[in-house]
Amino acid sequence: MDGIKDILKGICGNIVEDFPLSLITSFRTGGPAKFFVSPSNLEEIKGLLDICNRYNLPLLIVGRGTNLLISDNGFDGVVLSTKNFNKVLVKGTDIYCQSGVLLSSLLKICIEKALKGMEFISGIPGTAGGAIISNAGLKNDWISEKVVKVDVISISDVKEKTLARQDINFGYRTSNLDGYFVSGALFHLDNGVMEEIKKTIAGYMKKRIETQPVEYYSAGSVFKNPPGFFAGMLIEKCGLKGYRIGGACISEKHANFIVNKGAATSEDIYKLICAVKERVKRVYNIELETEIKIVGRFGG
């Protein structure tokens, strides 16, 4: 792929070959990316998408690498990082932020500007783009509720579009934005009191620390909650808390978390996911659906 490398470099100078994806995934697992690129503007994005389409190159868009399990074999294509899309603009109670902005950074700005409504994202270790695509949130609060519009580039035809909130099909942990590169989004919040916002955030953080295994590498909740049930409860009732395969372990603190205590491979985590799905299906006849995205070749 030497020719492809030169073409990619002509579009975006921030390109690394055979980049170890374990460095940017929250599981701290995953093999190398053939090409890891960090574009700095929309023209570079459009050029990269065009090349991927023209040469039929596999494409993976990543933010902070949360909610993602990448094969130990890596990714034989272009991994496009949004880390340089990190600008934020505040105007009154509206916040426009680019897709690579960390949710923790967004929350700090909300505190500084005394804007309330985003406190529920406290402790979610992802980016604005990923949070929008997966409609991140809690039981009664979703990031989609704060969205006014989303700026995107269609991956298939490389055209820029602005999608209003009502034009996006947001659902439980999902949206119809997978076919797009999300460049940024406008959020509408409310005026608040800084100290009250800080207090609310502290409450969310305290609950996360008490109930989630924040001391280990993980990708957050592994499975979506089936209708009428909590995935963690089903897994716990199957007696799987603490169950491990290789270096991957089901958390003793929260059964819907798989943790890497330092030596797990992606294959270990994948096998553990399969084992959990098989057990819950056998005991409860419920098909668990993964919340995390699984990328690449597994199972030998």
Test of understanding: among Val182, Val193, which residue is surrounded by fewer than 14 Cβ atoms within 10 Å (Cβ to Cβ) and not basic (Lys, Arg)? Val193
As an exercise: evaluate Arg173 against (1) farther than 25 Å from Pro227 by Cα; (2) within 17 Å of the chain's Cα centre (by Cα); (3) basic (Lys, Arg) and give the number of the one condition it does not meet. (1)
Suppose the filter is without any contact (Cβ under 8 Å) to a residue 12 or more places away in the chain and in contact with a strand residue (DSSP E or B) (Cβ under 9 Å, 6 or more places away or on another chain); does Glu195 pass it? no
Is it the case, given these coordinates, that Lys113 is more than 21 Å from the chain's Cα centre (by Cα), surrounded by 15 or more Cβ atoms within 10 Å (Cβ to Cβ) and among the basic types (Lys, Arg)? yes
Mind listing whichever residues of the stretch 128-154 are crowded, with 16+ Cβ neighbours inside 10 Å and either within 24 Å of Val78 (Cβ to Cβ) or in contact (Cβ under 8 Å) with a residue 60 or more places away in the chain (or both)? Ala128, Gly129, Gly130, Ala131, Ile132, Ile133, Ser134, Val150, Asp151, Val152, Ile153
Per the list (1) under 30 Å from Glu44 (Cα atoms); (2) more than 19 Å from the chain's Cα centre (by Cα); (3) open to solvent by 10 Å² or more (accessible area, probe 1.4 Å), residue check on Ile95 breaks on (3)
Output for the stretch 160-178, where each listed residue is touching a strand residue (DSSP E or B) at 6+ places or on another chain (Cβ under 7 Å) and open to solvent by 70 Å² or more (accessible area, probe 1.4 Å): Glu160, Lys161, Thr162, Arg165
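The values are calculated or read from the model by the stated rules, or taken from the named source; none is laboratory data. Everything quoted here is computed from the prediction, not taken from an experiment. A quick note on method: Cβ atoms are made from the backbone with ideal geometry, for glycine too, and the neighbour counts reach across all protein chains shown. Remember, those area values only see protein heavy atoms, side chains included, never the ligands or the DNA or RNA. Shrake-Rupley method; radii C 1.70, N 1.55, O 1.52, S 1.80 Å.
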